[in-house]
1. Can you find, within region 192-223, the residue that is farthest from Leu245 (Cα to Cα) among those that are modelled with pLDDT of 95 or more and of a type in the set (Val, Ile, Thr)?
2. From (1) open to solvent by 60 Å² or more (accessible area, probe 1.4 Å); (2) in contact with a Leu (Cβ under 8 Å, 6 or more places away or on another chain); (3) among the charged types (D, E, K, R), pick out the condition that doesn't hold for Arg161.
3. Of all residues in region 254-270 being closer than 18 Å to Val178 by Cβ and of a type outside the set (Ser, Thr, Tyr), which is nearest to the chain's Cα centre (by Cα)?
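The values are calculated or read from the model by the stated rules, or taken from the named source; none is laboratory data. Note that the structure is predicted; figures quoted are calculated from it, not measured. Here the Cβ positions follow ideal geometry from the backbone for every residue, glycine too, while neighbour counts run over all protein chains shown. In case anyone asks, the SASA skips ligands and DNA or RNA and just uses the protein heavy atoms, side chains included. Shrake-Rupley method; radii C 1.70, N 1.55, O 1.52, S 1.80 Å.
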Amino acid sequence: MRFGKSSGAARGGPSAPRDMALRRRPGLGLRGRLPDLCLLLLLRVYPMDSKCHSDLIFTIIILEKTGCLTAAVNLKSSNRNPVVQEFESVELSCIITDSQTNDPRIEWKKIQDDQTAYVFFDNRIQGDLAGRAELLGKTSLKIWNVTRTDSAIYRCEVVARNDRKEIDEIVIELTVQVKPVPPVCRVPKAVPVGKSATLQCQESEGYPRPHYSWYRNDVPLPTDSRANPRFRNSSFLLNPETGTLVFSAVHKEDSGQYYCIASNDAGSARCEEQELEVYDLNIGGIIGGVLVVLAVLALITVGICCAYRRGYFINNKQNGESYKNTGKPDGVNYIRTDEEGDFRHKSSFVI
């Protein structure tokens, strides 16, 4: 096939020897000597008015081949970060895009807490996914009834023995969302006006970690009472990460029914309403009670003093001592009998 001539070729210029040298290059003989190589011929054609010294320039690239094919196994995934709610099903996508191996070896592995375990090996499901997972198509993995323990990194590995690049792998991170359960709420029963109060809300099952919101009489509370004019008579701060609602000083308006809601992307849950009562301190009643107690104590003290002065305590003491220490002359014994009712003389003494 003739693509054109330049003026140098017509005059037998330097292009003729150059073409001859190209045809004499040893690489051109590789097709006959190396049947296991594939030759790729690129042809560049220059226009007639080009200043190049040759009409045709050939570039020969020698590539490895297996039957003159350059296939290499490659994988892709339609979703490398699937997110699913607990107890639903999910597909871990692993697709072979390039391969000439008809029956490649497929393996799935689960990486969790720095430990690696087989999920699909030797053409069957392994481990804790046995009975609730299957291979979808050639390489994808489908899991039914996923649980929170299925949240992990999964690696799809393919070995294609007939390809130039035999091994490829792809990593998929599965996230299982868990709906929160009703949180545990702690609300003080009664707090005096002006005192501080702390309300707590905690939930430990939801994933991702839930955020918390507090309600008073079905009205949502802001994170800072100063940011909302509706709560200008209150002074509280709400931490949505920890669920803590702190009143620096409660007011009468803070009384009401309180409950907390824990929520994440999987759902929400609330605790039961609890009443917070804010009461006034009765200063007059407190003072009156103290005075009554002091008066009672004073009366008791006066009564004891009067009894002592009248000799109630002294006479009783002396009577007791005289009865116990009755004087008896030496040599005389007195015996009291039931019939006599008094002492009688038993023996005499000599002076």
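1. Val219
2. Failing condition for Arg161: (2).
3. Asn264
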